[in-house]
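Remarks on the structure that follows.
The values are calculated or read from the model by the stated rules, or taken from the named source; none is laboratory data. Since the structure is predicted, the reported quantities are computational estimates derived from the model, not experimental observations. Virtual Cβ from ideal backbone geometry, glycine too; neighbours counted across all protein chains shown. Keep in mind that these areas ignore ligands, DNA and RNA; they rest on the heavy atoms of the full protein, side chains included. Shrake-Rupley method; radii C 1.70, N 1.55, O 1.52, S 1.80 Å.
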Amino acid sequence: MKVRFIEPKPPGVNVYDQARLPRLGLPLIGRLLRDQGHDVRCYVEVLAPVDWDDVCRADLVGLSSTTATTPAAYAMADRLRQAGIPTVIGGPHVTFLPDEALEHCDFVVRGEGQETMLELAEALVHGGSLTDIAGLSWCDSDGGRHHNPPRPPCSQEAFAALPAPDLTLIHGYERMSTWPIMTQWGCPFNCDFCGVIQMFGRRVRQRSIESVLAELEAHQPPSVFFYDDNFVVDKERTKALLRAMIARGLTPRWSAQVRAEVVYRSKRTREVDHELLSLMRDSGCVMVYCGFESVNPETLESYHKQQDV
């Protein structure tokens with residue numbers, strides 16, 4: 001099939017505009033589909049405009065959306081549906097609100113989407129049944145809506161076997177000012193407000209350190225954003241990665257998302273983890289993003305944040 005993917009531009013001023021960062025779901029799924037012989041291209045509006053002449057010749061169009069980009073994704077899906085082109089939407093917003101999404105598109109991929117998309121493509125090419133595709137919501141020819149059982153998060157073995165997303169599938173990828181790299185999925189915490197554990201679960205799955213180094217070595221980016229929702233889950237693994245980056249001379253300027261207490265060797269004694277901070281500095285870290293959700297202890301407790309002021 002000719003498959004085209006679109007990540008709409010968020011409205012207003014957004015951090016992804018400033019960094020021109022694509023999310024990684026589409027180039028990962030795109031690589032998997034391409035490896036199965038499909039013709040794949042991705043459009044990310046913060047990098048380059050959508051070529052609608054190309055998209056409107058596709059056999060299937062997939063859209064990735066957050067809540068911020070969902071109105072734009074729905075408008076695109078409406079346009080494509082009027083042109084008779086099958087559409088599928090994935091991402092956190094539609095995972096939680098698939099009935100809303102099905103008012104605009106033919107299929108919704110809920111949760112982790114790589115296996116669901118491969119099975120959907122297989123069913124569309126060969127006329128297979130949709131009812132057995134876990135994680136898929138869809139409309140039948142009579143307008144009836146079906147929500148197949150959820151797909152469990154992939155195993156550590158399956159995650160480790162995934163290839164790196166192919167960012168060259170993105171039209172205009174060379175305009176990226178920062179290279180995004182994901183090293184793990186999931187988060188072991190249980191913050192009440194967070195969608196990560198609903199999308200990826202609390203079981204953390206990790207790429208091998210060698211595969212992360214290979215991606216850094218292949219692209220030699222001057223700037224990297226580690227896309228992990230929680231970069232420091234297993235401190236010993238993080239330290240091993242940073243030591244290996246330093247040893248290989250793979251030390252671009254980098255940033256990542258971390259919980260505030262990573263600065264401590266022990267939260268009980270408040271002893272600072274100078275080893276970790278030194279490794280971060282020496283491997284190229286210039287910025288971290290921390291969520292300080294509240295200065296109210298009761299609020300932090302009600303959020304199940306598991307850290308105090």
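Annotations
- Residue in region 291-304 that is open to solvent by 40 Å² or more (accessible area, probe 1.4 Å) and among the aromatic types (Phe, Trp, Tyr) present: yes
- Residue count, region 147-184 (criterion: in a strand (DSSP E or B) and not hydrophobic (A, V, I, L, M, F, W, C)): 4
- Options Pro71, Pro98; residue that is open to solvent by 30 Å² or more (accessible area, probe 1.4 Å), in contact (Cβ under 8 Å) with a residue 12 or more places away in the chain and not basic (Lys, Arg): Pro71
- For region 49-65, residues that are at pLDDT below 95 and either open to solvent by 60 Å² or more (accessible area, probe 1.4 Å) or of a type in the set (A, V, I, L, M, F, W, C) (or both) total 0.
- Of the candidates Asp308, Asp234, the single residue that is loosely packed, with under 12 Cβ neighbours inside 10 Å and without any contact (Cβ under 8 Å) to a residue 40 or more places away in the chain is Asp308.
- Residues satisfying the stated conditions in region 109-149, i.e. exposed (fewer than 14 other Cβ atoms within 10 Å of the Cβ) and either touching a Lys or Arg at 6+ places or on another chain (Cβ under 8 Å) or among the basic types (Lys, Arg) (or both): Arg145
- Selection from region 18-28 of residues that are part of a helix (DSSP H, G or I) and either in contact with a strand residue (DSSP E or B) (Cβ under 9 Å, 6 or more places away or on another chain) or open to solvent by 20 Å² or more (accessible area, probe 1.4 Å) (or both): Gln18, Ala19, Gly25, Leu26, Pro27
- Residue that is surrounded by the fewest Cβ atoms within 10 Å (Cβ to Cβ), among those in region 210-223 that are assigned to a helix (DSSP H, G or I) and under 19 Å from the mean Cα position of the chain (by Cα): Ser211
- Against the test of being touching a helix residue (DSSP H, G or I) at 6+ places or on another chain (Cβ under 8 Å) and under 24 Å from Leu24 (Cβ atoms), the options Ala244, Ala214, Ala218, Ala256 yield a single qualifying residue, Ala244.
- Residue pairs meeting the criteria (Cβ under 8 Å; at least 6 apart or on separate chains; first without any contact (Cβ under 8 Å) to a residue 60 or more places away in the chain, in region 111-138; second among the hydroxyl-bearing types (Ser, Thr, Tyr) and in a loop (DSSP other than H, G, I, E, B)): Ala123/Ser129
- Of the candidates Tyr74, Tyr43, the single residue that is assigned to a helix (DSSP H, G or I) and hydroxyl-bearing (Ser, Thr, Tyr) is Tyr74.
- Inclusion of Val44 among residues that are out of contact with any helix residue (DSSP H, G or I) (no Cβ under 7 Å at 6 or more places or on another chain), surrounded by 23 or more Cβ atoms within 10 Å (Cβ to Cβ) and within 30 Å of Pro222 (Cβ to Cβ) is warranted.
- Screening the candidates Ser129, Ser141, Ser137 for the property of being outside any helix (DSSP H, G or I), more than 20 Å from Val204 (Cβ to Cβ) and within 22 Å of the chain's Cα centre (by Cα) yields one hit, Ser137.
- Yes/no for Pro165 being open to solvent by 50 Å² or more (accessible area, probe 1.4 Å) and farther than 19 Å from Leu242 by Cα: no
- Where a residue in region 49-68 is in contact (Cβ under 8 Å) with a residue 60 or more places away in the chain and of a type in the set (Asp, Glu) and its partner, wherever it lies, is open to solvent by 60 Å² or more (accessible area, probe 1.4 Å) and not in a strand (DSSP E or B), with Cβ under 8 Å and at least six apart: Asp59/Leu124
- Verdict on Arg31 being in a helix (DSSP H, G or I), modelled with pLDDT of 95 or more and open to solvent by 20 Å² or more (accessible area, probe 1.4 Å): yes
- Residue that is modelled with the lowest pLDDT [pool: residues in region 272-309 that are small (Gly, Ala, Ser) and part of a loop (DSSP other than H, G, I, E, B)]: Gly291
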